[in-house]
Amino acid sequence: MTNAVIFPIAIPLTTAVILIFCVKSLKAQKVISLVSAGALIAAGAWLVRLVDHEGVQKLDVGNWPAPFGITLVSDMLSALLVLTTSVIALAGLLYSFYTIDSKQASMYYYVFFQFLIVGVNGAFSTGDIFNLFVFYEVMLMSSYALLVHGGTKIQLQETMKYMIINVFSSALFVIAVGYLYAVTGTLNMAHLAVRISGAENTAVLTVICLLFLIVFGLKGALFPFYVWMPGAYSAPPSAVLALFGGLLTKVGVYSILRTFSLIFRQDIGYTHTILAWLAMATIVLGVIGAVAYRDMRQIAIYNIVAAIGVMAFGISLMTKESLEGTIFYLLQDMVMKTALFFIVGAIAYVAGTNQLGRFSGLLGSYPLLGWAVFLTALALSGIPPFSGFIGKALIIRAAFEKGQLLFALIVLLSSLLVLYSVMKIFIQSCWGEARGYEQKRVAPLYVPIVALLALAVLYGIGAEFVRPYIAQAAATLADPSLYIESVLKE
Amino acid sequence: MEVVMIIVIGCLFAGATYLMLSKSLLRIIIGTGLLSHGAHLLLLTMGGLKKGAPPLLGVQAEQYVDPVPQALILTAIVISFGVTAFLLVLAYRSYQEIGTDNIEQMRGKEDHD
């Protein structure tokens, strides 16, 4: 038992409360947010180290022993996700400093920012399924506020729809938790896994499992539940959008990964096949959207959808190798999607529009921006040695080993189209004669972009160094008894 | 008793679905309210409507009521209260800004090529 698990939740929470009191001073807000983001990264790194040395960490909140109270659990997967979230939070802050004006910042922007991180880190660290719901709500509530922050017409209109669909899915979450509690009589995830592995009536559990798939699919933008996303994500400013693209949908993916590998193993042949088909549909429709649009934001948004499909497919295979690939891909996707939205935001800032074709020739005046797009395209589609490669390679190899040739081919083909869709942004915005954009000062925006891209490149090149951690995370997922034992032991 | 509750919950869900499918924002919000009421009742019923002593060790009864569903509902009620309040304010603001409460007209955005 250790307190390390709670710091990634407690630090942003405390910061948010402090920020409420100094909302008048923009400078104080920035300094406090930065210090807190630094502390968060340190806490995340410490947690990863601790899990690496001493195994799964848990904290029984309020000293109530494991299956009865709420337990916070950090295995390697949670710890790595928390660390990645902290890095993205820091990058998001740096980007916000230069893109969110002081009027908007004085309306509690950084407060909501911190609460969003509380929700995301909480969802990653909790070991209790109802507590997961609570952290989802913390995260969603801040996301509503951030989405509508600024109050333009389009934001109000899209937030309304986003909220309604999420209120509906939250109700569904409560219902699913109610059913699960009725059948198993527990809410602790490890305890649920024990109860379910010994259960006789698996049919009702399969129904509950699919209910959870709908709930998490709605948050994680899985087919056919992703339709809310292109609309909602087109509304907010780039800094907010990058956070959403990097963090929110990934929480949905994480929840599917956790529940499908730990709890709902009673009928893998049925539930995971459904997940695989949904994943395929998500990939296909995602790349079609990414190829079809000429709006940079929409291209990036549909790229999220396609990537979610790849991860869901990795989860559905449920071998140790595919899980390892999924985690590899999940971590790099969080970083790369944030970077992609930063870049798209920076291009839209100098060009004044998101529409490709209205401007060209950026490479002359903004060479760094141009090459950043190019690098992102390579990394997202999984060209070695960049970060997307190793995750996809592992997933596809696992698919071939399981004999799912068709699905593996679809994933491979989708990579090609993802490459095309981002390369389209590069070619149409960077090549050609210089027209349709202004000379603006974008140097401050380069800091988070270059930092994230450098991280992604290092992640790809240094995969050998990262792999032991990822392998440890995948081992805990593939063999849930490790997780269960560490949670339920005294 | 459980059967009666299930029927009530079913009615709430049916009403919620009907309201959420309508076009007026206010009706949709009332629909989400009914939906979460239904979900909370379901949570309570799923825990079992046992008649028993309050879950206190000092009572020393044969049978206790399960306290967990009540704790869950309390949490869920507070959350849905907050969300509904936010929704109402948002609906009012959008009505002021966009000039309509018809969700059908809240679509489309700036030009696409």
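Pick out, from the stretch A:1-103, the helices (runs of 4 or more DSSP H) lying fully within it that include 1 or more residues that are among the acidic types (D, E) and under 30 Å from A:D479 (Cα atoms). It would help to see each step written out before you state the result.
On the way: elements: A:7-21, A:26-54, A:76-99.
Filter on the stretch A:1-103 gives A:26-54.
(1) among the small types (G, A, S); (2) modelled with pLDDT of 90 or more; (3) within 20 Å of the chain's Cα centre (by Cα): which one isn't true of A:A475, the others all being true?
(3)
Go through the residues of the stretch A:51-67 one by one and say whether even a single one is in contact (Cβ under 8 Å) with a residue 40 or more places away in the chain, more than 13 Å from A:V5 (Cα to Cα) and either among the hydrophobic types (A, V, I, L, M, F, W, C) or open to solvent by less than 10 Å² (accessible area, probe 1.4 Å) (or both).
Yes, some residue in the stretch A:51-67 is in contact (Cβ under 8 Å) with a residue 40 or more places away in the chain, more than 13 Å from A:V5 (Cα to Cα) and either among the hydrophobic types (A, V, I, L, M, F, W, C) or open to solvent by less than 10 Å² (accessible area, probe 1.4 Å) (or both).
Based on this model, can you work out whether B:Q70 counts as assigned to a helix (DSSP H, G or I), more than 10 Å from chain A (Cβ to nearest Cβ) and either buried (at least 17 other Cβ atoms within 10 Å of the Cβ) or not basic (K, R) (or both)? Don't jump to the end; show me each part of the working.
On the way: assigned to a helix (DSSP H, G or I): yes; more than 10 Å from chain A (Cβ to nearest Cβ): yes; either buried (at least 17 other Cβ atoms within 10 Å of the Cβ) or not basic (K, R) (or both): yes.
Judged against the criteria, B:Q70 is a match.
What number of residues within the stretch A:327-368 satisfy the criterion of being part of a helix (DSSP H, G or I) and either acidic (D, E) or under 24 Å from the mean Cα position of the chain (by Cα) (or both)? Spell out how you get there, then give the answer.
Residues of the stretch A:327-368 part of a helix (DSSP H, G or I): A:327-351, A:362-365, A:367-368.
Subset that is either acidic (D, E) or under 24 Å from the mean Cα position of the chain (by Cα) (or both): A:327-348.
Matching residues across the stretch A:327-368 total 22.
Taking the condition of being touching a residue at least 24 places away in the same chain (Cβ under 8 Å), more than 10 Å from chain A (Cβ to nearest Cβ) and surrounded by 14 or more Cβ atoms within 10 Å (Cβ to Cβ), how many residues in the stretch B:18-64 meet it?
3
Of the residues that make up the stretch A:478-490, is at least one closer than 19 Å to A:T326 by Cβ and not in a helix (DSSP H, G or I)? Reasoning before the result, please.
To start, the set of residues in the stretch A:478-490 that are closer than 19 Å to A:T326 by Cβ comprises A:478-480, A:482-483.
If we keep only those that are not in a helix (DSSP H, G or I) as well, we get A:479.
Looking for residues that are closer than 19 Å to A:T326 by Cβ and not in a helix (DSSP H, G or I), one finds at least one in the stretch A:478-490, hence yes.
Conditions: (1) buried (at least 23 other Cβ atoms within 10 Å of the Cβ); (2) closer than 26 Å to A:V61 by Cβ; (3) over 20 Å from the mean Cα position of the chain (by Cα). A:K219 meets all but one. Number of the miss?
(3)
The values are calculated or read from the model by the stated rules, or taken from the named source; none is laboratory data. All figures in this text were calculated on a predicted structure; none of them were measured in a lab. Don't worry about glycine lacking a Cβ; one is built from the backbone with ideal geometry, like all the others, and counts go over all protein chains shown. Surface accessibility is based on the protein's heavy atoms, side chains included, excluding ligands, DNA and RNA. Shrake-Rupley method; radii C 1.70, N 1.55, O 1.52, S 1.80 Å.
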